[in-house]
Amino acid sequence: MKKSRAHFNVVLRPEPEGGFTAIVPALVGCVTYGKALAEAKKMAKDGISAYIESLKKHGERIPNDDDSLVASLDLEYAEASRR
């Protein structure tokens, strides 16, 4: 069987209650969670694989992040006044 390779960006966000939420921007709705960073990465990989299988099953195009640019922005803003 022929194998394909694709690049997917994953946003790993620490959660206040602990653990990490993993979001895959190229795959709308592909969001998962892990109690530790390594687990969140594994869950993201599993989620991406399942998502791709579903797309293939339905004959849909498989998006990826091959041409995406990732940037971080710092923004200064005024806090709301407290009354």
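The values are calculated or read from the model by the stated rules, or taken from the named source; none is laboratory data. Quantities reported herein were computed from a predicted structural model and do not represent experimental measurements. Note that we place each Cβ from the backbone using ideal geometry, even for glycine, and neighbour counts take in every protein chain shown.
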Of the residues in the range 24-50 that are among the β-branched types (Val, Ile, Thr) and surrounded by fewer than 17 Cβ atoms within 10 Å (Cβ to Cβ), the one that is modelled with the lowest pLDDT is 28
Expected output for the range 12-26 (first residue over 18 Å from residue 49 (Cβ atoms), partner surrounded by fewer than 14 Cβ atoms within 10 Å (Cβ to Cβ) and among the acidic types (Asp, Glu), Cβ below 8 Å, 6+ apart or cross-chain) is 21/15
Quiz item: Can you find even one residue in the range 32-46 that is part of a loop (DSSP other than H, G, I, E, B), over 18 Å from residue 12 (Cβ atoms) and not aromatic (Phe, Trp, Tyr)?
Solution: no
Inside the range 51-83, the number of residues satisfying the requirement of being among the β-branched types (Val, Ile, Thr) and surrounded by 11 or more Cβ atoms within 10 Å (Cβ to Cβ) is 2
Scanning the range 1-16 for residues that are assigned to a loop (DSSP other than H, G, I, E, B) and modelled with pLDDT of 95 or more, the one farthest from residue 67 (Cα to Cα) turns out to be 16
